[in-house]
Amino acid sequence: MTRPASRPQVTLLTRDGCVICLRVQTQLAALAEELHFDLTTTDVDAKANAGDPSLRAEFGDRLPVVLLNGREHSYWEVDEPRLRADLARTDIW
């Protein structure tokens, strides 16, 4: 049984050299402090090179991708109004 996270988990799927990814990462880092979520970044190419190509296969053509608690939330940019609204909901934790 998996214990629920105490804070929302946001994962940014990215790849090395992606300028848009860097911009989105900066935006999410600022929002993480304000909105109290944990932010992690995963390089889909590094995961693929380490033997797990699943993220690159699923999301590689639309990076950056923002996952909220493991589910796709937005891609290419942060949908900030939607992210704020979803983080305010308590029924998704």
Chymotrypsin sites (Phe, Trp or Tyr not before Pro) within the range 1-80: DSSP coil, no more than 11 neighbouring Cβ in 10 Å: none
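Select from the range 18-93 those trypsin sites (Lys or Arg not before Pro) which occupy a DSSP coil region and have at most 14 other Cβ atoms within 10 Å, ordered by residue number. Before the final figure, lay out each step's value.
Working: sites: Arg23, Lys47, Arg56, Arg62, Arg71, Arg82, Arg84, Arg89; in loops: Arg62, Arg89.
Passing both the DSSP loop test and the Cβ count: Arg62, Arg89.
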Computed lengthening from Glu34 to Lys47, 0.36 nm per intervening residue step minus Cα-Cα distance: 1.8 nm
Angle between the chain longest axis and helix 19-35 axis [Cα atoms, degrees, rounded to 10]: 20 degrees
Beta bridge orientation in the chain: antiparallel %, DSSP, nearest 5: 55 percent
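Could you please report the charge total around Gln27, scoring K, R as +1 and D, E as -1 over all other residues with beta-carbon less than 15 angstrom from its beta-carbon?
Details: positive: Arg23, Arg82, Arg84; negative: Glu33, Glu34, Glu77, Asp79, Glu80.
Local net charge: -2.
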Directionally averaged projected area (convex hull, Cα atoms, the range 19-67), nm²: 3.6 nm²
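Would you work out if the range 40-93 is rounded, prolate or oblate? Take a ≥ b ≥ c from the square roots of the eigenvalues of the alpha-carbon gyration tensor; rounded if a/c is under 1.5, else prolate when a/b is larger than b/c, oblate otherwise. Spell out each step's value before the answer.
Numbers: a/c = 3.18, a/b = 2.03, b/c = 1.57.
Judged from the Cα gyration tensor, the range 40-93 comes out prolate (a/c at least 1.5, a/b above b/c).
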Amide H within-cut-off set for Thr41, under 5 Å, with H built and near neighbours excluded: Leu12
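FYI, it's all coordinate maths here, none of it is from the lab. Everything numeric here is computed off the predicted structure, so don't read it as measured data. No Cβ is skipped: glycine too gets one built from the backbone with ideal geometry, and neighbour counts run over all protein chains shown.
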